[in-house]
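My questions will all concern the structure given below.
The values are calculated or read from the model by the stated rules, or taken from the named source; none is laboratory data. From a predicted model like this one, the values you see are computed outputs, not experimental measurements. So basically every Cβ, Gly included, is an ideal-geometry build from the backbone, and we count neighbours across all protein chains shown. Keep in mind that these areas ignore ligands, DNA and RNA; they rest on the heavy atoms of the full protein, side chains included. Shrake-Rupley method; radii C 1.70, N 1.55, O 1.52, S 1.80 Å.
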Amino acid sequence: MRSWKQPLLLLTGVGISNLGAWVYFIALNLIVLEMTQSPFAVSVLYMLVPLAALCANFWSGTVIDRTDTRRLMILLDALRAVVVFSLAFIDSLALIYVLVFLLNIASSVFESASLVYMTKLVPSGDRQRFNAMKNFVQSAGFILGPAIAGLLFMIGSPTLAIQLNALALLVSVGILALLPTLYTARDVVEVFSVRMIIEDWKTVVRFASTKRYVTLVYSLFCVMTIFMSGLDSLEASFATQVLDFSESRYGFLVSVAGAGIIAGSIINATFSARMTLPFLISFGAVMTPIGYLVFAFSESFVVASVGFFLLTFALSFANTGFLSFYQNNVPTDLMGRFSGVISVAESVLIISLTFGIGLLAEFVGIRSTYVAFSLAFLLVGLITIRVVLERSRRSLYDTASFEEAS
């Protein structure tokens with residue numbers, strides 16, 4: 001348990017930050033809706049998330065790989081606390097959008113920095129279990145966040161919820177401050193510039209060209225994420241308009257999804273020593289789209305719930321497997337730049353596919369569009385199995401491989 005003291009502290013800090021993000025975002029939705037009475041004004045808040053990630057990923061890897069990630073995380077959490085607290089006192093919609101955009105940039109950089117720090121802090125043999133626990137913490141935030149937000153709305157107001165979220169971020173700062181510094185300063189200090197970003201992109205391209213298999217596996221996970229984002233954009237419309245579920249029943253369906261990823265994360269954390277990375281990736285890559293297909297062909301609430309539970313249950317396996325593979329095979333001094341470059345393409349494709357799926361659903365029909373893209377998603381899963389189970393690549397799935405990459 002001593003060896004897990006610091007990783008558990010990190011999980012606690014990141015978990016509190018993640019939980020607060022859910023509370024703040026739900027509260028902000030209500031504040032914007034009350035200000036404008038416009039659903040479109042609320043939808044803009046959601047569009048700012050991938051746009052901010054796209055802007056941040058161009059340059060964030062360059063910063064992350066050259067700075068003390070623990071100090072950067074502390075700074076970002078403190079900055080987010082100040083900005084979130086100020087949102088409670090702003091009545092200008094334009095200024096709210098600007099601050100939310102900056103918050104999403106900070107959150108994107110924080111997520112990438114925390115991944116690098118986690119990889120350095122947690123020994124390679126413990127990463128699979130740690131990643132499963134991280135999935136559990138994130139999924140708990142997914143379920144508890146809206147519940148806590150609702151409770152705060154009952155005893156106070158959305159403004160109070162936002163102020164308490166700022167306090168939660170400060171608590172996260174205090175926890176992160178207890179963790180060790182895992183950074184060795186470079187002999188030569190480089191000045192941040194556009195030229196540096198361009199050179200870093202070239203470095204990533206060279207790494208990707210020499211480590212083609214690693215890049216392929218990580219890219220397949222990104223393709224999974226792209227399909228899920230596109231399909232999830234139709235989720236509420238499918239449930240309420242095609243299956244004719246009430247809003248409360250749809251809300252329960254979302255809770256079922258949260259229960260699925262929690263159950264999967266617990267199994268992953270408990271039996272991590274008995275499950276190999278190829279199994280985790282293969283199971284998750286195929287069963288996740290099958291869950292979407294079950295939902296796509298459902299006619300009743302029970303079948304829809306089975307589909308939701310299955311897809312999130314399997315997703316927890318995919319997340320744990322892909323992330324552990326990534327940490328084992330990408331050097332930590334390149335990790336921020338590598339994920340940043342690929343995430344730029346991922347963000348562009350998410351925005352494009354989400355727009356395309358929405359357009360097709362409008363003209364072709366929601367169910368037929370959902371079924372077609374779920375089948376395409378399943379094809380990606382089958383390709384992933386073939387790639388992952390290549391016998392000549394089995395050494396890349398051993399925990400010891402990270403030591404060689406480092």
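Looking at 368, 347, can you tell me which residue is modelled with pLDDT of 90 or more and farther than 28 Å from residue 275 by Cα? Walk me through it before giving the result.
Numbers: 347 fails: modelled with pLDDT of 90 or more.
None of the other options fit; the residue is 368.
I've got another one for you. Looking at 287, 224, which is the one that is open to solvent by 40 Å² or more (accessible area, probe 1.4 Å), in a helix (DSSP H, G or I) and either polar (S, T, N, Q) or touching a residue at least 24 places away in the same chain (Cβ under 8 Å) (or both)?
Answer to the check: 287.
Would region 374-396 turn up any residue that is closer than 16 Å to residue 237 by Cβ and modelled with pLDDT of 85 or more?
Yes.
Can you pull out every residue in region 115-139 that is among the hydroxyl-bearing types (Ser, Thr, Tyr) and open to solvent by 10 Å² or more (accessible area, probe 1.4 Å)?
Correct list: 124 only.
Further, regarding this structure: Given the conditions (1) within 21 Å of residue 374 (Cβ to Cβ); (2) in contact with a Ser or Thr (Cβ under 7 Å, 6 or more places away or on another chain); (3) open to solvent by less than 10 Å² (accessible area, probe 1.4 Å); (4) at pLDDT 85 or above, report the number of the one that residue 256 does not fulfil.
(3)
May I pose another question? Only one of 173, 214, 204 is within 25 Å of residue 77 (Cα to Cα) and surrounded by 14 or more Cβ atoms within 10 Å (Cβ to Cβ). Can you tell me which?
Answer to the selection: 173.
Got a number for residues in region 351-377 being touching a residue at least 40 places away in the same chain (Cβ under 8 Å), open to solvent by 30 Å² or more (accessible area, probe 1.4 Å) and within 19 Å of the chain's Cα centre (by Cα)?
Looking only at that region, the number is 3.
Report whether or not residue 237 is under 30 Å from residue 348 (Cβ atoms), modelled with pLDDT of 85 or more and among the polar types (S, T, N, Q). Quick ask: steps written out before the conclusion?
On the way: under 30 Å from residue 348 (Cβ atoms): yes; modelled with pLDDT of 85 or more: no; among the polar types (S, T, N, Q): yes.
Judged against the criteria, residue 237 is not a match.
Quickly run through region 298-324 and pick out the residues that are closer than 22 Å to residue 60 by Cα and open to solvent by less than 10 Å² (accessible area, probe 1.4 Å).
Residues of region 298-324 that are closer than 22 Å to residue 60 by Cα, as a first pass: 322-324.
Correct list: 322, 324.
Report, ordered by the first and then the second residue, all pairs with beta carbons closer than 8 Å, sequence separation of six or more or different chains, a first member in region 245-257 that is over 23 Å from residue 140 (Cβ atoms), and a second member that is surrounded by 14 or more Cβ atoms within 10 Å (Cβ to Cβ) and among the hydrophobic types (A, V, I, L, M, F, W, C).
Qualifying pairs under 8 Å: 245/239; 245/253; 245/301; 245/304.
Going by the conditions given, is residue 54 in contact (Cβ under 8 Å) with a residue 60 or more places away in the chain and either surrounded by fewer than 21 Cβ atoms within 10 Å (Cβ to Cβ) or within 21 Å of residue 331 (Cβ to Cβ) (or both)?
yes
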